[in-house]
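Okay, so here's the structure we're looking at.
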Amino acid sequence: MTIRLISLFAAPLLLGAAAPAPAPAPAPAPAQAQGIVGEWRNTNNNVHMRLQPCGNAICGKVIWAADRQRADARKGSGKELIGSTILHDLKVTGEATWRGKIFIPDINTNASGSVTQLSNVLIRVSGCAMLGLVCRTQHWHRIS
């Protein structure tokens, strides 16, 4: 980055002419949003989800699940786990942090939650339901 900045400032001096002002670049998506978009697996590797833009927020949809987790979800919510949106309305609230809602299919309830990007390959998903009496945290690993 330093070399690039030096060359941008030094080029007009070396060429003996002022360089025209560059056209403004389109505003990129927030760096954090780009960081969590992609496919993730939980630590036990029995659920995979895709985090993707959904309107002006991020959502997470289950793209694969082991038979046991699928059965638990059907027992709890009566719905198929694959294709379910388990994270929704995630919005940036700080550096590498998003807040939104988490759907917990095993107990058929929504909870307030957060996603924190710990590294390029690791996120922490935390949520609490029932007025904060039931809380859970999971780590999810990026699928290459």
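The values are calculated or read from the model by the stated rules, or taken from the named source; none is laboratory data. For clarity, every value in this text was computed on a predicted model and none was experimentally measured. With ideal geometry, Cβ positions are generated from the backbone for all residues, glycine too; neighbour counts draw on all protein chains shown.
Quick look at the values:
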read-out: Enumeration of residues in the range 62-117 that are touching a His at 6+ places or on another chain (Cβ under 9 Å) and either farther than 22 Å from His141 by Cβ or of a type in the set (D, E, K, R) (or both); value: Lys101, Asn110
read-out: Test for Gly127: is it part of a strand (DSSP E or B) and surrounded by 12 or more Cβ atoms within 10 Å (Cβ to Cβ); value: yes
read-out: Members of the range 94-110 that are under 12 Å from the mean Cα position of the chain (by Cα) and part of a loop (DSSP other than H, G, I, E, B); value: Ala96
read-out: Close pairs (6 angstrom Cβ cut-off, 6 or more residues apart or separate chains): loosely packed, with under 13 Cβ neighbours inside 10 Å in the range 132-144, small (Gly, Ala, Ser) anywhere; value: Thr137/Ser126
read-out: Test result for Gly113, within 16 Å of the chain's Cα centre (by Cα), under 24 Å from Leu133 (Cβ atoms) and modelled with pLDDT of 95 or more; value: yes
read-out: Condition check for Ile86: β-branched (Val, Ile, Thr), modelled with pLDDT of 95 or more and not in a strand (DSSP E or B); value: no
